Every structure is written in structure tokens, then in C-alpha cells.
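What follows is calculated from the coordinates using simple rules that are stated; it is not laboratory data. Here the structure is a predicted model, which means the values were calculated and not measured. Using ideal geometry, Cβ is built from the backbone for each residue, glycine included, and neighbour counts are taken over all protein chains shown.
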Amino acid sequence: MLFTPLKIKNTTIKNRIMMSPMCQYSAGQDGIANSWHFVHYVTRAVGGVGLIMLEATAVESRGRISDGDLGLWSDNQVEPLKKIVDECKKYGAVVGVQLAHAGRKCQVLSEMPVAPSTMEWSNEYKIPHEITKSEIDEIINNFKSAALRALNAGFDIIEIHAAHGYLIHEFLSPLSNKRSDEYGGTTENRVRFLKQVIKSVKEVWPGDKPLFVRVSADDYTDGGIDIEEMVKILSYLKDSGVDLIDVSSGGLLNAKIDLYPGYQVKYSERIKKDPGFMTATVGLITRAEMAEQLLKDGKADLIALGRELLRNPYWPLYAAHDLKEDIEWPQQYERGRFRV
């Protein structure tokens, strides 16, 4: 199944291999993509990845994790991204972009971080400014503007980053959201910001193009999000037009995580069943046989690879060989297809 196509709305991904969004911290302070990003992403397209999801791309300057983050807060940032998208598509890849806001995890010295509540991520970070309702509206509109720029850059898919302790996750978790207004308290209130972001994005993102949301299904800390709470959170998104949940975990606090191959698969499997979304699973999946079995067992619809694709951008080509799948190699590399 790893090399069977997956159709989501009008977009067909040639295989079930997704490049997980991974920050390169290699842009200038202007947030513009450069030659590093071009080579990095196009190489994975040549290597046979079905869906390339670009790294967290900030919707505003203060939404960056670092001053090396990509951005889509300015029209000047569109064309360099379009060149990457166009080149990746030449090799059969579908290309998405993860729209993000760092919230309290912004480390740009010239920016004041914002968060639902005045709680810093750690002693090494600034205490964030508690975001006002007018600032919430501004950021929601910035997600919308960034989505329109993503469309103009030619992206096939948008993923909204609601995981890993960044702004939307900070609203979702009761550990970081201590508000007493309509954005805090109950699950329904804590999910309100995410729902408003999705609604705003969909005002400019075409209905026939897929929309993903990445979540952290477990905060690994008492009183935070666990899988039961995440199922409840996602139940509020069932009618929002989200097509797939990219299921990760952690990042809100510096909590201990028990790492092992496929350690996050159980969350993807649960979310596929209840509340019933298509899912991508990620986390120490390194072998083709494991990826194949996860799909056969119905535990996910996409297999997202992170560090494995950093180590080997041609992982899909070798995975196909391991699974005895006959797929097309780049013509220029045919001589290296099989070891003698």
C-alpha cells in the first residue's frame, strides 16, 4: 500500500510517503526562501516523496520561531516559494506548506511573543504578552492572507500548525491557556481560535484543495491534553472542512517522552476511528516494511517521515526496492538503481 496513490478531494498523491515539515532555520530575517530550501526540497521530490510538506512558515513576523524561519506574511516571499513548488512538481510531488505562529516559543529578539496567557515556555524564553481579542482577530486575518499567498505560490495543500507548543496548541491545552473569556476554560472555548483560523483560511483556500491540521495528541503531563481530550477537540472540527489530521505529540512542555519506533501510531489509529478523520502518522518510522504494515492495518493514510528523509532523501526509491515495487526512477539515476 505504501506505493498506492491517495486521492484527497481533487489532489492525487502518487504514494503514501509524506515529508514531515521540518524547520531548516536557513532563511534570512526577511523570511524569504533561498538556494538551500530549493535544493533541500527538490532533492526529496527527485527521491520519490509523494507529498512534500514545507516547514513551519510564519504568518507574521512575530510568529517566527527564529529569525531564520520562512514566512508568508509578505508578497515578496511568494515568488521564491513558487520556484520551489514548480520544480518539485516536475518530479511528480504534491507540495504543501505548513502555516504557523510560534506564540510564546518565538525566539526572535526583536519581537515580543504573544500567547493565550502570560506563561513563558521556559526560563530561557521571554514572558509572553497575553494576546488581546483585537490581536486574535489580526492573527486570524494573517493566516487568511498567508493562505492566499500560498495559493498564489502554487501549493496544493495547506497544513495549519496546531501542535508542538506553538500558538494554536497553546490555546488548545489547559496547561497553557488560563483565560476566563470565550477562548479559555471549556474544550469548546479552547478550540474556538483554531476553528476561527480554519474558517478564515477556507475563505480564500479553494474548496477542492485539501486542508490538513497538525496536532499534538498528548502533552505527556497531568492536566494537559491526552488522547481522550484530543478526540474531544477534534470532534469540534468534524464539520469545519478539515480533510486530514497530521498526528504528532508533545512540545507544549519539556516533558519526558517514551520514544520507540512508531510511538505515535496509537494516536493516529484512534483518531482514524474516532472522530473519524483521515490521518498521517509520524515518529521513528524508518523501515519500508513497517510503513507498509501500518497502512495495511488501517492505522494511518499517510506515513510522514522526518529525520529519515534528512538522512536519506532517496528513501522512497530504496523502500520500493525492499517491497519489490516497480516504480519509476529518475532517468539520470537509472545506472545506480541496483547494486551488483
Show that you can apply the helix-only estimate: for the chain, add -39,500 (n - 2.57) for every DSSP H stretch of four or more residues, divide by all residues, and state [θ] at 222 nm to the nearest 500. -9000 deg cm²/dmol
Run the quick spin-label model on N123 and R311: label points 7 Å from Cα toward the beta carbon, then report their separation in nm to one decimal. 3.5 nm
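Compute the longest continuous run of the chain that contains no exposed GluC sites (Glu not before Pro); treat a site as exposed when its DSSP state is not H, G, I, E or B and it has at most 16 other Cβ atoms within 10 Å. Mind dumping the intermediate values first?
Numbers: sites that count: E111, E120, E124, E182, E203, E325, E328.
Answer from the scan: 204-324.
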Given contacts defined as C-alpha pairs under 8 Å and at least six residues apart, what's the relative contact order of the chain, whole-number percent? 16 percent
Which residue fluctuates the most in the chain, going by a Gaussian network model with Cα springs under 10 Å, if the choices are D86, D218, D297? D297
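Most exposed first by the Cβ proxy, i.e. fewest other Cβ within 10 Å, how do D67, D75, D243, D326 rank?
Numbers: D67 18, D75 11, D243 15, D326 8.
If I rank by nearby Cβ atoms, fewest first, I get D326, D75, D243, D67.
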Which of L302, L259, L284 moves the most in a Gaussian network model of the chain with Cα springs under 10 Å? L259
Point-charge dipole on Cβ atoms (K/R +1, D/E -1) for the stretch 163-297, about Cα centre, debye to 20: 220 debye
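Compute the Kirkwood hydrodynamic radius of the stretch 220-276, taking the inverse of the mean of 1/r over all pairs of distinct Cα atoms, and give it in Å to one decimal.
Working: mean 1/r = 0.0803 Å⁻¹.
Kirkwood hydrodynamic radius for the stretch 220-276: 12.4 Å.
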Describe numerically, in nm with one decimal, the distance between label points set 7 Å from Cα along Cα→Cβ at E228 and at I257. 2.3 nm
Highest GNM mean-square fluctuation, the chain, Cα pairs closer than 10 Å: which of S235, S110, S248? S110
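At 0.36 nm per residue, minus the direct Cα-Cα distance, what do E328 and E79 gain on full extension? Give it in nm, one decimal, please. List each step's numbers first, then the result.
On the way: separation 249, 0.36 × 249 = 89.64 nm, distance 2.98 nm.
Going from the current span to full extension adds 86.7 nm.
Mind putting a number on the dipole of the stretch 83-150 about its Cα centre? Charges go on the C-beta only, +1 for Lys and Arg and -1 for Asp and Glu, and I need it in Debye to the nearest 20. Don't skip to the end; give the middle numbers.
On the way: 9 positive and 9 negative charges, 72 e Å.
Dipole about the Cα centre, nearest 20: 340 debye.
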Total formal charge among the other residues, if their Cβ is under 15 angstrom from that of I84, Lys/Arg +1 and Asp/Glu -1: +1
